[in-house]
Amino acid sequence: MLAAGAVPATASATNSVIAPRTVCVTPTKDATNTVVGYWATFTYTASGLTGQGKNIPAGNKNQVTIGGSPVVFTQSGQQPWIERFVNTTQPKYAFQIWFPANSTVEWTVTADVTRSASANKNTAHCGENGLPGEPGTPGEPGEPGAPGLSPLIEELEPSLEYPNGAIRITERTYGSNGEIVLGQQYVVRNGADGKDGKDGLSPLIEVLEPSDEYPNGAIRVTERSYDEDGEIVLGQQYVVRNGKDGKDGLTPTMTALPVGDERCPAGGVEIAAAETVYVVCNGRDGKDGVDGKDGVDGKDGVNGSNGADGAPGTTTIVYMTAPATTESRGAVLAATAENKGSKRVAKLKIVARKGKKISNLKVRVEGRRVKVKRTGSRTWTATVDLRGLPRGTYAAEVTARVNGRRVTRKHLYRVLYGNPKGGAKTGLNATGFVRL
């Protein structure tokens, strides 16, 4: 019986026919007793061959495929398929090939006609095992056998006999004296390179004008290919109709919402589109984070040299109330000819904590903005000019955006109190610099 996948053919009396046959399959299992593949056994019958038979080398006319892919034998223990065929009505010669459990193996032979046979997991299994017999008496241990020999594999260069080269596989066994004996040889010929195919054809694309069939026009796409004579043949056509133009969209109306609006307490925008109204509210300012711990004070710098004495001034009595601090206690202070005003120019150092992003840094003294100079990757210095100011306490206000959040810090300066460092470091003057 011809196996599944065989190609039917009608042979005349003079046709030579070689018909592959599937004998059976033998399952192979892994360590978990799961079937992972099968050994398929193939044979053949033949008629119409000459008395000497017919030689069909492995290739396009004598091919074994597994899962549709041609097989090339290079593994130890594999047997090349039959290449020499003689007339026979009863199978005389056979070979085996292993294939995975989820695949199919097929042997195809072309003489004057093409015939094939295939096998898969559903093919009849070779003789099923009977019930196990009673265990026999263990025999004496035998002598260790010689290691098995893998076949000898040789690569043959192109020659007159093998124009594209080949691989020769020679079986090897041990003789009665332990010597290596060469056995049957098999030659697997390399196939010739096929001709390059023609470049593929892109489809034919046509723009169709509006018509009764296509009121808005369309695009027609036609497949193209080559026939056996190399001529271009038109194939399946597809028509993609153009859609109708949609209605014009409406421009939304946008209205700003003031702070205090019942829908957006922080203000926002009202967007009206057709019959739909959307409200986009401004976000509220988040709460200020907790200030980090102040760093250790730096060492005091060296005092500068005293400046030259100024010209004698006029005597003017000025009455002013000092801020309510522990040192002044609200006393009334006076500026005299000897005490006309401060000569001090202070440097206020500003330090950013590691990982903080600083922007919009500004420094003001009593509302007046002063110059700020960047002195490092995380440090700035502001020049605080206190010259000419009467005795009192003055505030330097530092404002900046720290990681996008507005932050304000203050530092106090005491003028004409005798100690330019401001006495004990407490309150806003706990450190000699400002940390952001």
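The values are calculated or read from the model by the stated rules, or taken from the named source; none is laboratory data. Keep in mind it's a predicted model, so treat the numbers as computed, not measured. Neighbour counts are summed over all protein chains in view; Cβ atoms, including those assigned to glycine, are modelled from backbone coordinates with ideal geometry.
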If I go through the range 243-268 residue by residue, how many of them are out of contact with any Asp or Glu (no Cβ under 9 Å at 6 or more places or on another chain) and surrounded by fewer than 13 Cβ atoms within 10 Å (Cβ to Cβ)?
13
Suppose we filter the range 194-214 for residues that are surrounded by 13 or more Cβ atoms within 10 Å (Cβ to Cβ) and within 38 Å of the chain's Cα centre (by Cα); how many remain?
3
May I ask you to verify whether G235 is more than 30 Å from P57 (Cβ to Cβ), outside the structural domain of P70 (by TED's automatic domain parsing), assigned to a strand (DSSP E or B) and not hydrophobic (A, V, I, L, M, F, W, C)?
yes
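Could you tell me which residue of the range 215-232 is modelled with the lowest pLDDT, considering only residues that are outside any strand (DSSP E or B) and either surrounded by 11 or more Cβ atoms within 10 Å (Cβ to Cβ) or of a type outside the set (D, E, K, R) (or both)? Let's see the steps before the verdict.
Step one: list which residues in the range 215-232 are outside any strand (DSSP E or B), which gives 215-217, 227-231.
With the extra rule that they be either surrounded by 11 or more Cβ atoms within 10 Å (Cβ to Cβ) or of a type outside the set (D, E, K, R) (or both), the set shrinks to 215-217, 230.
Details: P215: 91, N216: 90, G217: 91, G230: 82.
Within the range 215-232, the match that is modelled with the lowest pLDDT is G230.
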Within the range 88-126, how many residues turn out to be under 17 Å from T28 (Cα atoms) and hydroxyl-bearing (S, T, Y)?
3
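Can you name the residue in the range 269-283 that is over 25 Å from R405 (Cα atoms) and at pLDDT 85 or above and, of all such residues, is surrounded by the fewest Cβ atoms within 10 Å (Cβ to Cβ)?
Taking the range 269-283 as the starting set, the residues that turn out to be over 25 Å from R405 (Cα atoms) are 270-279.
Right, trim to at pLDDT 85 or above and you get 270-272, 276-279.
Numbers: E270: 18, I271: 14, A272: 14, T276: 8, V277: 12, Y278: 11, V279: 14.
By that ranking, first place goes to T276.
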Does the range 374-384 contain any residue that is surrounded by 17 or more Cβ atoms within 10 Å (Cβ to Cβ), out of contact with any Asp or Glu (no Cβ under 7 Å at 6 or more places or on another chain) and touching a residue at least 40 places away in the same chain (Cβ under 8 Å)?
no
Filter the range 351-386 for residues that are closer than 16 Å to R406 by Cα and over 45 Å from the mean Cα position of the chain (by Cα) and give the result.
K362, V363, R364
With the structure loaded, tell me whether A111 is under 21 Å from N55 (Cα atoms), at pLDDT below 90 and aliphatic (A, V, I, L, M) or whether it fails that test.
yes
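Do you know which residues across the range 170-192 are among the small types (G, A, S) and assigned to a strand (DSSP E or B)?
To start, the set of residues in the range 170-192 that are among the small types (G, A, S) comprises 175-176, 178, 183, 191-192.
Selection gives G183 alone.
Matching residues to (1) surrounded by fewer than 13 Cβ atoms within 10 Å (Cβ to Cβ); (2) in contact (Cβ under 8 Å) with a residue 12 or more places away in the chain; (3) under 25 Å from L49 (Cβ atoms):
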| position | (1), (2), (3) |
| --- | --- |
| F95 | no, yes, yes |
| T104 | no, yes, no |
| N122 | yes, no, no |
| G142 | yes, no, no |
| S150 | yes, yes, no |
| E157 | yes, no, no |
| R168 | no, yes, no |
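Give the residue, chosen from G178, G217, G191, G230, that is on the phi > 0 side of the Ramachandran plot, under 43 Å from the mean Cα position of the chain (by Cα) and in contact (Cβ under 8 Å) with a residue 24 or more places away in the chain. Give the derivation first.
Values: G178 fails: under 43 Å from the mean Cα position of the chain (by Cα); G191 fails: on the phi > 0 side of the Ramachandran plot; G230 fails: under 43 Å from the mean Cα position of the chain (by Cα).
Step by step, each of G178, G217, G191, G230 is checked, and only G217 is on the phi > 0 side of the Ramachandran plot, under 43 Å from the mean Cα position of the chain (by Cα) and in contact (Cβ under 8 Å) with a residue 24 or more places away in the chain.
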